[in-house]
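Computed from the coordinates by the stated procedures, all read-outs in this text should not be read as laboratory data. In this text the structure is predicted, and so the values were computed from the model without any measurement. Ideal geometry is used to build each Cβ from the backbone, glycine not excepted, and the neighbour counts take in all protein chains shown.
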Amino acid sequence: MPTFSSDGVDIYYQVAGEGYPLVLSHEFAGNIDSWEPQVNFFSRRYQVITYCHRGYPPSGVPDDPNAYSQDHQVEDLYRLLRRLDIGQAHIGGLSMGGTVTLGFAIAHPEMCRSLVVASAGAGSDADDREQQLASWRALSESMVAEGMEKFADKYARGLERVQFLRKDPVGWAKFHAGFAGHSAQGSSLTFQGVQMKRPTIYQLQKELQQIKIPTLVMIGDEDAPCVGPAIFMKKNIPSCGLAVFPQSGHTINLEEPELYNRTVSDFLTAVEAGKWVERG
């Protein structure tokens, strides 16, 4: 089982295919398996690298709450590329993985050929940040108190997830089962250390304006918490394009895999041909 140690935490990863490297970072409710439709498609042309964040078995699940943060996740991704002797890659992620992608681009722009940021920015639009944080803390505590199976059943039926259930009940059931099998401790500490402490998309305005890397932002039009942040990224990242999936929710890579893959493929082709435009 391929793993490497990142500051004492084992990080599990997989590599499929040959070609230019394409790295995919998963969402909070997913894991390495969440990228199966993308690995199957893109490994025909790229070296596709997927991995499990710390807190997500078979990666290590630290007991220390201080071992969980977006900075740790960015550092884990950096060390993964160094482990594989990769100097530059296409970097992509969904939701939590999308914010990791942004954080990685800010910290290590020279290592990014392009960025794909999907379904990212939930929590940025809150009018009452303190009330939201209190709600999130209650959620994180319920993962441990109730167990992941009960928590996953409610979370996977949320307003931004029911679209997946409606369109693909078999795929949704597989996603739900995977989520229910997550480590309650790892998920809770991830929520507390990453989602509750990372900067909002709006707080990153100056950093976004400095990103010169070709960027594709993708959202579902029914993923309400991410629509505003996506438009904000489009306005502030000079080389950003925005793709909106109709009648789609949060998990667009699984909900609409063919559209997702085609949209990303067209973007990567444009980048590699030098045809992705940076606004003046």
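In this rough spin-label picture, where each label sits 7 Å from Cα along the Cβ direction, the Gln205-Asp63 distance is 4.5 nm.
Volume of the convex hull of the range 78-153 (Cα atoms only), normalised per residue: 137 Å³. Across the range 1-40, the volume of the C-alpha convex hull divided among the residues equals 99 Å³ per residue. Remark: C-alpha extents of the range 9-150 on the principal axes read 46, 31, 27 Å, sorted largest to smallest. Remark: relative contact order (the chain) = 19 percent; criterion is Cα-Cα distance under 8 angstrom and separation of 6 or more residues. For the chain, DSSP calls about 25 percent of its internal beta bridges antiparallel.
Hull volume per residue, based on the alpha-carbon atoms of the range 123-280 and their convex hull, is 125 Å³.
Model label sites at Val244 and Gln185, defined 7 Å from Cα along the beta-carbon direction, differ in position by 4.4 nm. As a rough footprinting exposure proxy, the listed residues Met196, Met218, Met1 were ranked by other beta carbons within 10 Å of their own, and the order from fewest upward is Met1, Met196, Met218. How large is Rg/Rh for the range 191-280, to two decimals, with Cα atoms and a Kirkwood Rh? Taking Rh as the inverse mean 1/r over Cα pairs, Rg/Rh reads 0.99. Among the listed pairs Lys174/Lys234; Lys154/Lys234; Lys212/Lys235, which are separated by more than 23 Å between their Cα atoms? Table pairs above 23 Å Cα-Cα are Lys174/Lys234; Lys154/Lys234. If you count the DSSP beta bridges with both ends in the range 1-148, what percent of them are antiparallel, to the nearest 5? Antiparallel: roughly 35 percent of the beta bridges in the range 1-148. Would you kindly state the longest site-free stretch of the chain, with sites defined as trypsin sites (Lys or Arg not before Pro) in a DSSP loop (not H, G, I, E, B) surrounded by at most 15 other Cβ atoms within 10 Å? Segment 46-156 is the longest.
Annotation: average projected area of the chain is 13.5 square nanometres, based on the convex hull of Cα atoms across all directions.
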